[in-house]
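Worksheet: one structure, shown below.
Where a number appears in this text, it was derived from the coordinates with a stated rule and is not lab data. Bear in mind the structure is a predicted one, so any value in this text is a computation, not a measurement. Reconstructed Cβ throughout: ideal geometry from the backbone, glycine too, with neighbour counts over all protein chains shown.
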């Protein structure tokens, strides 16, 4: 929790559209890398990895609201040249607790 707000985590998988020109990529990729490095330094992006063999990456974003996640994604320099999938994440402990409750195995 940060400042009393519960943090939510999301996995974002982003792939650059095939039709994006090399000229555009030459400008936008370095800007995107700087953008996500800054967000990592702020703690808003926990992980940022390139997808080997693909023109894309994955992020784990740690945010306090869906509005914050939308802002992070929307400000990405490659926003209009990319497609993305967004998945909410939960901890193993939270998932385990849910399964135990579901199965009536509460301790």
Residues listed by number, region 9-41, amide nitrogen under 12 Å from residue 87 label point at 7 Å toward C-beta: 10-14
Computed over region 59-107, Cα set: Rg, Dmax in Å: 16.2, 49
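At 222 nm, what value in deg cm²/dmol follows for the chain if DSSP H runs of at least 4 each add -39500 (n - 2.57) and the sum is divided by all its residues, to the nearest 500? Working shown, then result.
Numbers: 3 runs with 41 residues, N = 107.
Roughly -12500 deg cm²/dmol at 222 nm, from the helical runs in the chain.
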Using alpha-carbon coordinates, inclination of helix 92-102 to the longest axis of the chain, degrees: 50 degrees
Region 25-76 - Debye-derived log10 I(q)/I(0), Cα point model, q = 0.23, 0.29 Å⁻¹: -0.92, -1.26
Semi-axis lengths (Å, descending) of the ellipsoid that matches the C-alpha gyration tensor of the chain: 32, 16, 11
Cα-based helix-to-principal-axis angle, 22-42 vs the chain, degrees rounded to 10: 40 degrees
